[in-house]
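I have placed the structure first, in the form of structure tokens, so that the comments after it can refer back to it.
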Amino acid sequence: GNQSTRLGGAGKLWSGHSLPLANCSKLRSDDIDVVRTHMSSMVCPHKLDIDGDKPPIAFCHNYAKLRSLSFSATDYGNPYGKVTIAIPPLLDFFVVQIVLAGEARISQGEDSYVVRAGELNVIGSEKPFIQVFESGFRNFSMKVPRAKLDELLIEELGLAPGDLRFSHRPMSLDGGANSFAQMSLAICNDIDQNYRGFCHPRTIGTAEDM
């Protein structure tokens with residue numbers, strides 16, 4: 001069966017059998033054309049295809065945003081077959097992806113690797129790449145503008161960080177990666193519960209800066 005990951009924190013668990021931000025639904029659809037248009041507008045223009053004898057889909061996208069930082073939880077709901085997305089170079093932002101269930105193969109030129117449930121990877125490149133999601137794949141992701149990250153690093157370090165490059169190889173959710181995931185979980189749980197503090201601009205800014 002499909003692997004899934006469980007993250008403890010804030011008195012709750014994320015599991016591969018449910019999506020974070022359950023009360024922040026952005027789109028539910030069984031129409032692949034609607035899904036293509038929606039995801040291109042939410043992330044960036046890209047090509048999206050489903051193979052495997054046209055499997056039905058039950059697409060679900062939950063979404064929340066602070067200022068410039070946004071959170072997404074996505075399930076394409078394909079019971080079989082594969083979802084393939086071809087993404088152009090990401091020059092203006094990074095995507096931090098945590099796989100909740102299933103696995104995906106990411107290819108960039110001759111380089112290819114698999115990211116599985118319970119792993120985190122950073123997507124951000126000057127080259128186009130392809131992601132292939134197996135059936136049952138679910139993920140949580142954060143879209144982080146490069147300009148905002150540069151700004152925060154200048155505040156912390158007192159100097160410009162230069163050209164930021166992250167390893168795109170997946171890492172298991174332990175150590176620092178787990179702490180990062182837990183913090184994201186706590187913020188999303190508060191947003192999902194409509195915690196009134198997240199309606200205040202100062203709270204939103206402070207949470208994003210963390």
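The values are calculated or read from the model by the stated rules, or taken from the named source; none is laboratory data. None of these values were measured; they are calculated from a predicted model. Methodologically, a virtual Cβ is constructed for each residue, glycine included, from the backbone with ideal geometry; neighbour enumeration extends over all protein chains shown. Ligands, DNA and RNA are stripped out before the accessible areas are found, and what is left, the full protein with its side chains, is counted by its heavy atoms. Shrake-Rupley method; radii C 1.70, N 1.55, O 1.52, S 1.80 Å.
Annotations for the structure displayed:
- Residue list for region 158-210, filter: among the acidic types (Asp, Glu) and modelled with pLDDT of 65 or more: 174, 190, 192
- Just so you know, in region 55-76 the residues that are at pLDDT below 90 and hydrophobic (A, V, I, L, M, F, W, C) include one that is nearest to the chain's Cα centre (by Cα), and it is 69.
- Selection within region 34-49 - open to solvent by less than 90 Å² (accessible area, probe 1.4 Å) and outside any strand (DSSP E or B): 34, 35, 36, 38, 39, 40, 41, 42, 43, 44, 46
- Any hit, region 99-116, residues being without any contact (Cβ under 8 Å) to a residue 40 or more places away in the chain, on the phi < 0 side of the Ramachandran plot and touching a Pro at 6+ places or on another chain (Cβ under 6 Å): no
- Unmet requirement for residue 93, which otherwise passes all of (1) open to solvent by less than 20 Å² (accessible area, probe 1.4 Å); (2) touching a Pro at 6+ places or on another chain (Cβ under 7 Å): (1)
- For region 172-189, filtering for residues that are buried (at least 17 other Cβ atoms within 10 Å of the Cβ) and within 13 Å of residue 71 (Cβ to Cβ) leaves 6.
- Just so you know, in region 97-120 the residues that are at pLDDT below 90 and within 21 Å of residue 44 (Cβ to Cβ) include one that is most open to solvent (accessible area, probe 1.4 Å), and it is 109.
- Residue count for region 78-120, restricted to those that are basic (Lys, Arg) and within 19 Å of residue 49 (Cβ to Cβ): 2.
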